[in-house]
Amino acid sequence: MLYFIDFGLSKYEEPGEKLHTRVGTPYYIAPEVLTKQGHGCEADWWTASSNRGSGDPSPPLLTTFRSSPLYRWTLGVLAYELVMGYTPFTNGGIVRNAKFIFSNIIDPSYAFTFSSSVTKDARRLIRQLLKRNPPERVGYQPSAGAHYVKQDPFFDGFDWRGLLQRQRAL
């Protein structure tokens, strides 16, 4: 399984508290963090909540982001980096500095591109995950969440239970 944790950027918060701090890896910071709209513990990759015991065979990564648009944003950046070899807001992998990346993340006119080798389903899913407006991101509604994302045509035929049982490689 693949887990991402960076305890160097952790901060304790009370339940329901909103943070307005702007810390994180520049390539992966969501627009709502950069614009200080406020975000809660859902901004962390791994939280205490999960669907374990609910019958949902999701691996933790796809379970814990069920209620947060930040998880979907980060998954979109990671997916883009995996298919393209660089993150989406670096202007084709040309990184100038963090300010340049942040500007591209919040600029609605900035459009990342894909190579012709990236499938239409992958392009569509990544674009839906990287919507700058959180309510527009795929699976935004808590009732949809990870289950909705896992139903995406990009994952057709994927064995989620097998992944959870470590029978299949991701």
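Read the figures in this text as sums done on the coordinates, not as results from a lab. On a predicted model such as this, the values are computed, not experimentally measured, just so you know. Neighbour counts are summed over all protein chains in view; Cβ atoms, including those assigned to glycine, are modelled from backbone coordinates with ideal geometry.
With both labels modelled 7 Å from their Cα along Cα-to-Cβ, the Arg166 to Lys36 distance reads 4.5 nm.
Taking 28 Å as the limit for the C-alpha separation, the pairs Lys36/Lys120; Lys99/Lys131; Lys99/Lys120 exceed it in the case of Lys36/Lys120; Lys99/Lys120.
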